[in-house]
Each structure stands twice: as C-alpha cells, then as structure tokens.
Amino acid sequence: DQALPGASVIAVPEGNSYTDPNPVATAPVDAEGYFTISFSGTGNHTVWVMGPPGEYWGIGKTVESDPGETVDLGNMYVAKKMTVLSPTDGFAYATLTPTYSWEAFPGAVDYRVVVWNTSADPSTKIFESSVGNVTEYSFDSSLSLDTEYQFSVTAISGVKEPGSSAGIR
C-alpha cells in the first residue's frame, strides 16, 4: 500500500524465472510506485516487480501480448522478508513446546502462524491460526520427537495484503 524504494521491474517469457539472465525488458519504479515497461515480441510474458535483493520477494504477473496496446497491471505487491528472532539457529532442540518470535513488520495488524509436519505429508498443516498483533507464539501442545516441522509467519497489513513471510525448519 506504498511505493517501494529501490524497486525495479523485469519482463521475461512466460514460465521463466525472475533470475532469467536475458530479460526482454527492464525498468525502474518511480518514487510514486509507477513504472512503464515496453517490449516487442510475441507470446505471453511474466512481469516481475523486484525489491532490493535480500529484503523482498518479487511477485510475477502474466501479461498477454497485445502489440501496440497499453496493459494496466493494477497493483502489484512484493513481500518483505521478516527475520525470525528465536530460536536463532532455526531449530528448537531444547523443548517440544518452542516459542518463536519474529521482527515486527511495519503496518501489521495481525500475524498468521502455520506449522507443517514435514516428516509426514509436507502439504498437511498441523496448525494454522491468526495470533493477533503480537510478535511471539508459543505452542500449547507438545511437538513430537524425531519429527521435522516447518514454521511460517505471515504479517497482514491494514489493507489485508500479505506483508511478509518468514519460515524456519
């Protein structure tokens, strides 16, 4: 819900990653958060908005080619990476009821915590809940020994767009 300083935009053939070494076009983002990108060619492309490396995750949007026409992409958001403060090594060896804390995200009004048991089916969530405007969560029940878990937290801003996500294993 605000312009991102230092952002840039790239366009690549659809299906290619933002890491494509030969994008078909690049452009900076102005102070108000607007950009103009032009490229020629056929086929669909993905436009990626990229924040400063190491701080933000880019989000791509597919654009259908329409030669000579302007395409309004609407709002494009990027996710800011958060820092998990504890446990500092990414693992919770000392307890089966770990407490995780994370860096507060500016403008966050809620955080969503998700835990997966990655030793079983990695797509199955064992816990998912909003925890309010706090930067710490303690598990109420014990986790299991010799089991690998993945933890993720997502900040939700006042405009309900995902603000960021951080996870540890």
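FYI, it's all coordinate maths here, none of it is from the lab. These numbers come from a predicted model, not from an experiment. Ideal geometry is used to build each Cβ from the backbone, glycine not excepted, and the neighbour counts take in all protein chains shown.
Legend: P(r) of the stretch 25-78 from all alpha carbon pair distances, 10 Å bins from 0, whole percents, reading 21, 56, 21, 2.
Other residues within the sphere of radius under 10 Å centred on the Cβ of Val114, judged by their own Cβ, net out at +1 (K and R +1, D and E -1).
Computed from the C-beta positions of Tyr18 and Leu73 and an R0 of 22 Å, the FRET efficiency is 0.90 to the nearest 0.05. Model label points for Asp121 and Asp30, set 7 angstrom from Cα along the Cα-to-Cβ axis, are 5.0 nm apart.
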